[in-house]
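**Q** Submitted below is the structure of interest, expressed as structure tokens.
The values are calculated or read from the model by the stated rules, or taken from the named source; none is laboratory data. Because the structure is predicted, anything quoted here is derived from the model rather than measured. Glycine gets a Cβ as well: all are built from the backbone with ideal geometry, and neighbour counts include every protein chain shown.
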Amino acid sequence: MRISHLSSEVSPFAKTGGLGDVAAALPKALAASGHEVDVWMPFHLDAARWFRKRAAWPDTLLSPFRVSILGAEHEVGLLRATLPGTTVAVTFVAHDPLFHRPTIYSPNERGQDDDLWRFCLFVRAAVEAMKRLGRRPQILHTHDWHPALAPMLGAWSSYRDPWFDDVASVLTIHNVGYQGVYGLDQFGVLGLPPETLTGGVVEHAGALNMLKGALVAADMITTVSPTYAWEITTPEGGAGLDGVLRMRAGRLTGILNGIDTHEWDPTHDRYLPAHYSRENLRGKRECRAELCRVAGFEPGDPSMIVGAVGRLVPQKGFDVLFEAAPELIRRGVRIVVLGSGEPALEGSMRLLEAHAPRGFRAFLGYDDRLSHLIQAGADAFVMPSRYEPCGLTQMYAMRYGTVPVVRKTGGLSDSVIGFTGQNAEWATGFHFEDPSPHALAAELLRAQNVFFHRDLWHRLVANGMRADFSWGRSAAAYELVYRRAREVRGLP
Ligand code: ADP
Ligand code: GLC
């Protein structure tokens, strides 16, 4: 099949989280199964920097052309490269005034959020470029709210551009918490006929809601784990869109993400000081010693070292970890956190570090090397997420022989098998239910107890390292979704 993915971020060119990872790894896996796949993304400043750092530049694909939004003409360029190490084409939509910004989701120079405008321009330019290139995908696969205009452009036969007659659309929700909500006065930016607003298609709770529009328009909807697919149809998990999701439940399915097993492989990870495998864990001890050195802990410290890496946002529950931290440190647990995000949480990290420099180490910022070192060098990996659509870092942890201690929610329930005391043959980690400092501390202390029973701990380590989180199985599940998307649209 010919499949085009549209995403606001794609690793390694520009990424803030798991969306970027998946928007690269899934296309790679689909290409490996024989599909004709390409990926489209804006040419963010981060992407330009990525190429400059390597003294390279993507090829020019087409001469610049104009895209009009509300009468304003934007000249866009098209650049092409491939996903590193593959032949999967990545087409960048270049328009410096909107995409050359310090971060992927930056406001404009007046501090206003103009993402609606930016990502609608991205979609319009991508579709126009596909037409000019004579490349019509059979599946247009969009990720999250940013390219939501794409399924909407092809949805309603009464007004759609006939180019879309042969294009089925699939929307993957990576996080229902981000919906692209704007004032109704911005509707014109979409360039859609008025009936899509008045018919309640892109309108939700008195505002313009891009994710809602895509949910109504897409031929099939997926999300990134089976449990999350159910959670988002409930009032607790749907972030206001649960009603729409219940209505579309027949088109909704949950497919657990895989991980990039090449990028995340302790046997040859380029960021690690030593390598190791399930059969020979000696290198993990060296990585642990290096992590202790970097974190300022005693190198031979026998305490359990708990790592955490992620965006410092309420979703991830770091505040719960920070509240539990003083007690955990008193009980001999060492904690090392890498993250960036909300200043208040960054402040809590600094405070904890100042109080307990030998027990808590905070690294602020985004750092691939350090995230790999934490995954390899820590004994346990904690994720106190309030909700977690899938989560990738717990899967990296298991592959690196680091035992995850996670809240039982979304993809964390689906990927980690909690140790019950009776299932050492197959358990891969620890679960706790309540998003409270008390429940988190209790489970981490339970893990610490097992940590000191070396044989038992090593069984959990080995079980996790044996688990298969590669994309193969999930890619096959997406193929079924693509076939169904064509079917529901009456296409061969
Ligand atoms: P989310 O997409 O919600 O942020 P995931 O677990 O799916 O959560 O993916 C997060 C990705 O971003 C992982 O690849 C993780 O290693 C990476 N990441 C997050 N924060 C950082 C950071 N501060 N430094 C390096 N990598 C990070
Ligand atoms: C989102 C979710 C995360 C998921 C990632 C990739 O950012 O928060 O749980 O793993 O997307 O699908």
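**Q** Tell me which of these ASP434 doesn't satisfy, since it passes every other one: (1) away from ligand 2 (no atom under 16 Å from the Cβ); (2) at pLDDT 95 or above; (3) part of a helix (DSSP H, G or I).
**A** (3)
**Q** Being surrounded by fewer than 21 Cβ atoms within 10 Å (Cβ to Cβ) and in a loop (DSSP other than H, G, I, E, B) is the filter here; which residues of the range 453-472 pass it?
**A** HIS453, ALA467, ASP468, SER470
**Q** Tally up the residues in the range 90-117 that are under 30 Å from PRO162 (Cα atoms) and in contact with a strand residue (DSSP E or B) (Cβ under 7 Å, 6 or more places away or on another chain), please. Before the answer, list the steps.
**A** The initial filter retains those residues of the range 90-117 that are under 30 Å from PRO162 (Cα atoms), namely 90-95, 98-99, 114-117.
Of the ones still in play, those that are also in contact with a strand residue (DSSP E or B) (Cβ under 7 Å, 6 or more places away or on another chain) are 90-95, 99, 116-117.
Final tally of qualifying residues: 9.
**Q** Same structure, new question: It is to be established whether one or more residues within the range 99-117 are modelled with pLDDT under 95 and more than 26 Å from the chain's Cα centre (by Cα).
**A** Yes, the conditions are met somewhere in the range 99-117.
**Q** Looking only at residues in the range 307-348 that are part of a loop (DSSP other than H, G, I, E, B) and hydrophobic (A, V, I, L, M, F, W, C), which one is modelled with the lowest pLDDT? Step through it out loud before you land on a result.
**A** As a first pass, look at the range 307-348 and keep what is part of a loop (DSSP other than H, G, I, E, B): 313, 317, 331-333, 342.
Filter again for hydrophobic (A, V, I, L, M, F, W, C), leaving 313, 333.
Details: VAL313: 94, VAL333: 97.
Only one residue tops the list, namely VAL313.
**Q** Here is a further query. Among the listed residues ALA274, ALA239, which satisfies the condition of being surrounded by fewer than 23 Cβ atoms within 10 Å (Cβ to Cβ) and farther than 23 Å from GLY17 by Cβ?
**A** Details: ALA239 fails: farther than 23 Å from GLY17 by Cβ.
Selected residue: ALA274, the only one of ALA274, ALA239 that is surrounded by fewer than 23 Cβ atoms within 10 Å (Cβ to Cβ) and farther than 23 Å from GLY17 by Cβ.
**Q** Keeping to the range 1-58, report how many residues are aliphatic (A, V, I, L, M), away from ligand 2 (no atom under 16 Å from the Cβ) and either surrounded by 17 or more Cβ atoms within 10 Å (Cβ to Cβ) or under 15 Å from THR103 (Cβ atoms) (or both). Even if it seems obvious, please write down each step before you answer.
**A** We begin by selecting, within the range 1-58, every residue aliphatic (A, V, I, L, M); these are 1, 3, 6, 10, 14, 19, 22-26, 29-32, 37, 39, 41, 45, 47-48, 55-56.
Applying the additional criterion that residues be away from ligand 2 (no atom under 16 Å from the Cβ) yields 1, 3, 31-32, 37, 45, 47-48, 55-56.
With the extra rule that they be either surrounded by 17 or more Cβ atoms within 10 Å (Cβ to Cβ) or under 15 Å from THR103 (Cβ atoms) (or both), the set shrinks to 3, 31, 37, 45, 47-48.
Here the count works out to 6.
**Q** Looking at LEU171, LEU153, LEU116, LEU83, can you tell me which residue is in contact with a Phe, Trp or Tyr (Cβ under 8 Å, 6 or more places away or on another chain), closer than 30 Å to GLY341 by Cα and hydrophobic (A, V, I, L, M, F, W, C)? Working first, answer last.
**A** On the way: LEU171 fails: in contact with a Phe, Trp or Tyr (Cβ under 8 Å, 6 or more places away or on another chain); LEU153 fails: closer than 30 Å to GLY341 by Cα; LEU83 fails: in contact with a Phe, Trp or Tyr (Cβ under 8 Å, 6 or more places away or on another chain).
On inspection, the qualifying residue turns out to be LEU116.
**Q** Residues being closer than 18 Å to PHE432 by Cα and under 17 Å from the mean Cα position of the chain (by Cα): count how many of those fall in the range 369-391.
**A** Residues meeting the conditions: 9.
**Q** Check every one of the helices (runs of 4 or more DSSP H) wholly within the range 140-227 and list those with 2 or more residues that are at pLDDT 95 or above, closer than 28 Å to PHE99 by Cα and in the same structural domain as GLY238 (by TED's automatic domain parsing).
**A** Working: elements: 149-153, 195-198, 210-217.
Qualifying helices (runs of 4 or more DSSP H): 149-153, 210-217.
**Q** Return the residue satisfying two criteria in turn: it lies in the range 244-262 and is touching a Pro at 6+ places or on another chain (Cβ under 9 Å) and outside any strand (DSSP E or B), and of such residues it is nearest to SER470 (Cα to Cα). Show your work before the answer.
**A** So in the range 244-262, the residues touching a Pro at 6+ places or on another chain (Cβ under 9 Å) come out as 253-257.
Add one more test, that the residue is outside any strand (DSSP E or B), and what stays is 255-257.
Working: ILE255: 13, LEU256: 10, ASN257: 9 Å.
Checking each candidate, the answer is ASN257.
**Q** Which of the numbered conditions does THR198 fail, given that it passes all the others? Conditions: (1) surrounded by fewer than 17 Cβ atoms within 10 Å (Cβ to Cβ); (2) within 26 Å of the chain's Cα centre (by Cα).
**A** All conditions pass for THR198, except number (2).
**Q** Checking the condition surrounded by fewer than 16 Cβ atoms within 10 Å (Cβ to Cβ), under 29 Å from the mean Cα position of the chain (by Cα) and either within 15 Å of ligand 1 (Cβ to nearest atom) or more than 17 Å from PRO437 (Cβ to Cβ) (or both), which residue from PRO343, PRO357 passes?
**A** Working: PRO357 fails: under 29 Å from the mean Cα position of the chain (by Cα).
When all the criteria are applied, what remains is PRO343.
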